[in-house]
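Comments concern the structure below.
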Amino acid sequence: KKLIVATSNPGKLREMQAYLTGLDWELQLKPDSLEIEEIGSTFSENACLKASQVAKALGEWAIADDSGLAVDALNGAPGLYSARYGTTDTERIQRLLTELADNQQRQAQFICVVAIARPDGSIALQTEGICSGEILTHPRGTGGFGYDPIFYVPQQQQTFAEMPPEVKHQISHRGQAFAQLLPQLSTIN
Ligand code: ITT
């Protein structure tokens with residue numbers, strides 16, 4: 001069976017591919033020309049919207065990920081708007097650090113919802129993962145993507161960007177969403 005990976009984010013794509021390779025699904029990237037407007041008001045709505053629209057447009061199974069970083073001291077911002085916080089990763093990180101300034105409350109959660117849609121656009125499967133950490137005052141590490149250099153995980157004593165990819169993949173919000181999703185993949189139709 002063919003599965004369209006409905007993302008335009010190269011970092012996300014790399015991680016989604018890592019979770020999905022070696023299964024009976026033939027992965028195919030969504031064409032750039034097919035862009036979905038994220039008008040939902042939750043991660044779940046946006047993940048389903050992206051999977052559903054891409055599936056319907058191409059008449060194939062599709063998988064989408066909607067994710068973001070919710071910072072406690074910013075009342076959950078950037079959250080759903082994590083991608084729209086700037087045009088580059090550097091800009092997004094800088095904006096977040098500026099808004100947090102010297103606030104001592106640095107707790108944050110990465111959230112990820114993954115959804116799979118059938119060729120008719122109906123949702124077959126949806127899972128969620130959350131990973132808690134702290135926002136550093138300065139970026140550290142070169143791995144990963146997005147906000148990874150400022151997201152510190154106390155248990156590992158490393159940022160997502162400092163961890164070997166397999167460690168991030170194991171503990172991240174996306175890793176937890178996929179850990180729930182993968183065992184159910186063979187049951188959907
Ligand atoms: P698609 O919708 O095309 O998949 P996007 O980048 O617009 O790509 P989202 O709307 O889900 O995706 O936005 C998620 C943003 O949250 C993303 O741009 C990153 O900045 C951030 N993000 C999500 N997962 C992350 C991770 O594992 N590490 C660092 N940042 C992450």
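Observations
- A simple rule links phi to the HN-Hα coupling: the Karplus curve 6.51 cos²θ - 1.76 cosθ + 1.60 with θ = phi - 60°, which for segment 164-172 gives x, x, 5, 6, 4, 4, 6, 9, 5 Hz, with x for Gly and Pro.
- Here segment 11-88 has an Rg and Dmax of 14.1, 43 Å, counting Cα atoms alone.
- Net charge in the neighbourhood of THR127 (other residues with Cβ under 13 Å of its Cβ; Lys, Arg +1, Asp, Glu -1) is -2.
- The phi torsions of segment 80-85, fed into the Karplus equation with coefficients 6.51, -1.76 and 1.60 and a -60° offset, translate into couplings of 4, 9, 4, 6, 8, 6 Hz, rounded to whole numbers, with Gly and Pro shown as x.
- Relative to the 2.2 N^0.38 Å rule of thumb, segment 55-165 has a C-alpha radius of gyration ratio of 1.21.
- In degrees, nearest ten, helix 10-20 long axis to first principal axis of the chain (Cα): 60 degrees
- Inverse mean reciprocal Cα-Cα distance (Kirkwood Rh) of the chain, Å: 16.8 Å
- Over the chain: helical MRE at 222 nm, DSSP H runs n ≥ 4 each giving -39500 (n - 2.57), nearest 500: -9500 deg cm²/dmol
- Debye intensity ratio in log₁₀ form over the Cα atoms of segment 103-189, taken at each q of 0.10, 0.15, 0.19, 0.22 Å⁻¹: -0.31, -0.61, -0.82, -0.98
- Whole-Hz couplings from phi, Karplus 6.51/-1.76/1.60, listed for segment 23-31; x for Gly and Pro: 9, 7, 9, 8, 7, 9, 7, 4, x
- Each label point was placed 7 Å from the Cα along the Cα-to-Cβ direction; for GLN107 and LYS2 their separation is 4.7 nm.
Each reported figure results from applying straightforward, stated rules to the coordinates on display, with no laboratory input. Quick caveat, the model's predicted, so the values are computed rather than measured. Cβ coordinates were reconstructed from backbone atoms using ideal geometry, including for glycine residues, and neighbour counts include every protein chain displayed.
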